[in-house]
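The values are calculated or read from the model by the stated rules, or taken from the named source; none is laboratory data. Computed from a predicted model, the values in this text were never measured in an experiment. Cβ placement follows ideal geometry from the backbone for every residue including glycine, while neighbour counts extend to all protein chains displayed. The area values use the complete protein model at the heavy-atom level, side chains included, leaving out ligands, DNA and RNA. Shrake-Rupley method; radii C 1.70, N 1.55, O 1.52, S 1.80 Å.
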Amino acid sequence: MDASATPGMTLRSRTGALYRFDPGALCLELLVTGGPGAFARHEVLHVPADLAAWAERSRLTPTPELEITEAEVVAARRLRDALWRAATARIRDEDPAPEDLAVVNGAAARPPLVPVLEPGGARGWAAGATGTHLLSTVARDAVDLFTGPFADRIRTCAADDCHLVYVDTSRPGRRRWCSMEHCGNRHKVRAHRARGSAKS
């Protein structure tokens with residue numbers, strides 16, 4: 001899993017406030033772009049530039065220069081939706097649907113982004129990177145996550161009105177919120193108000 005020095009993405013709450021969300025894995029970062037069913041209303045992957053913009057915000061460092069086609073945007077949405085359903089199944093301790101596994105495994109079977117050592121010692125990516133390479137890298141990250149030591153720590157935010165998925169990589173394994181500055185803070189405010197009401 002490729003991680004930058006400050007992993008995570010900046011999201012906007014329903015009130016317009018910005019906050020950082022670190023889902024803990026590249027593959028889970030893709031889930032913030034929309035999803036199946038009710039999540040379709042949050043869709044942001046419409047054209048190749050949208051997928052390139054997601055890659056720029058992701059934990060891939062540095063951002064690869066990508067040639068992306070319309071068909072690869074469709075494939076990105078298909079992979080993302082399969083990952084949503086597979087993550088939800090994992091959280092429920094269920095087996096992912098065979099068709100979702102086929103989508104993930106099919107993407108993972110393609111050539112991924114290839115890291116290179118640049119002059120001066122910097123990390124880069126091999127020329128000619130495509131949307132397919134990007135999706136293969138995401139799918140391989142998902143295989144690593146779902147089969148690795150943190151597979152049992154894939155979770156949904158504990159807030160009733162938040163459905164963000166993350167992997168808890170903290171040492172104690174007690175993370176409850178998508179972000180302490182967002183849902184965690186909202187919980188603290190509600191708890192404070194509830195204590196105040198109980199005293200009055």
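Axis angle, to the nearest 10 degrees, between helix 98-108 and the longest C-alpha principal axis of the chain: 50 degrees.
Shape analysis of the stretch 18-124 based on the Cα gyration tensor places the equivalent ellipsoid semi-axes at 25, 16, 15 Å, largest first.
Note on the chain: with a GNM built from Cα contacts shorter than 10 Å, the maximum mean-square fluctuation among 26, 117, 79 falls on 117. Protection proxy ranking of 122-131, 106-115, by the mean of other Cβ atoms within 10 Å over each peptide's residues and highest first, is 106-115, 122-131.
Protection proxy ranking for 169-176, 151-158, 18-25, using the average of other Cβ atoms within 10 Å per residue and placing the highest first: 18-25, 151-158, 169-176. The Cα atoms of the chain define a convex hull whose projected area, averaged across directions, is 13.4 nm².
May I ask for the net charge around residue 131, where only other residues with Cβ less than 13 Å from the Cβ of residue 131 are counted and Lys, Arg are +1 while Asp, Glu are -1?
Computed value for this residue: -1.
Could you tell me what percent of the accessible area of the chain is made up of carbon and sulfur, with a 1.4 Å probe and every protein chain present? Result for the chain: 54 percent of the exposed heavy-atom area is carbon or sulfur.
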